[in-house]
Amino acid sequence: MDRALTYDLDQQISILELQKADTVYRWADSKTVWCKAEQTGKNLFSTVGIGAKSVKFTVWKQSITLYNAFRWHGRFCFLTDLTEIDRMYYEIMAAMVEPRTCELMQADKTMDQSLHRPVYSEPQPVLTFPACLIEKYMGFTRLAPQSQATESYVLVTAKAISLSLADLIRIDGTTYNVQIIHGLDEFKNEYEIAVTKEA
């Protein structure tokens with residue numbers, strides 16, 4: 001039997017590449033290919049965050065790596081695993097998680113000569129990048145009532161996005177700080193971020 005007839009590649013996806021222009025990263029269309037697509041439950045694409053809806057794609061073997069992403073039926077798909085099948089196809093697992101526009105904020109430091117100390121300006125955006133914001137897996141925790149509440153999330157980025165501890169990240173008007181970095185994965189970075197608000 002002709003193995004090429006085994007897979008019904010009847011849907012289209014856009015292969016995305018991360019591009020940088022000046023201080024802005026964005027996912028840009030590279031090309032469109034045919035695929036087979038099946039939703040498969042949950043994808044635990046983050047080591048510390050909750051899972052997302054999972055999709056399994058089958059495509060002809062070509063120049064695709066986990067540095068890419070897909071756009072399928074208008075949905076962004078973060079690639080998490082790639083396996084070669086029959087030397088002709090790739091089976092690619094992906095998490096359906098829509099990226100958010102994030103801004104790395106930094107304050108300028110100048111020296112106040114009269115006070116002999118540094119003075120910081122209001123933080124301004126110095127880098128814009130897409131990232132997937134997901135809830136952090138916390139387990140079961142019973143907390144006593146407090147006057148302040150800390151909201152914790154996980155920011156999953158392409159490997160090219162490099163942040164540091166205590167960096168300020170603005171997302172939809174809220175500024176978070178980077179508290180923990182998980183950077184050992186070859187194809188992505190994960191940052192635990194948090195903001196404290198009045199309860």
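Rounded to the nearest 20 debye, what is the charge dipole size of the chain about its Cα centre when +1 sits on each Lys and Arg Cβ and -1 on each Asp and Glu Cβ?
Numbers: 21 positive and 25 negative charges, 30 e Å.
For this selection, approximately 140 debye.
If every alpha-carbon in the chain counts as one equal scatterer, what log10 I(q)/I(0) does Debye give at q = 0.12, 0.16, 0.18, 0.19 1/Å? Per q value, in the given order, log10 I(q)/I(0) is -0.70, -1.06, -1.24, -1.33.
Electrostatic tally near Glu98: other residues with Cβ closer than 13 Å to its Cβ, Lys and Arg +1, Asp and Glu -1, net +3.
All other residues with a Cβ under 10 Å from the Cβ of Glu151 taken together, and with Lys, Arg as +1 and Asp, Glu as -1, what is their net charge?
On the way: positive: Lys136, Lys197; negative: Glu135.
Here the count lands on +1.
Averaging the Cα positions of each part gives two centres, and for the stretch 2-54 and the stretch 153-193 these lie 21 Å apart. In terms of accessible area, using a 1.4 Å probe and ignoring ligands and nucleic acids, Glu38, Glu135 rank largest first as Glu135, Glu38. Rolling a 1.4 Å probe over the protein chains gives Thr32 an accessible area of about 80 Å². Ordering Ala166, Ala107, Thr58 by the projection of their Cα atoms onto the charge dipole of the chain, which places +1 on the Cβ of Lys and Arg and -1 on the Cβ of Asp and Glu, puts Thr58 at the extreme positive end.
The values are calculated or read from the model by the stated rules, or taken from the named source; none is laboratory data. The shown structure was predicted, so the numbers you read here are calculated from the model rather than taken from an experiment. Backbone-built Cβ (ideal geometry, glycine too); neighbour counts: all protein chains shown. These area figures cover heavy atoms from the full protein model, side chains too; ligands, DNA and RNA do not enter into them. Shrake-Rupley method; radii C 1.70, N 1.55, O 1.52, S 1.80 Å.
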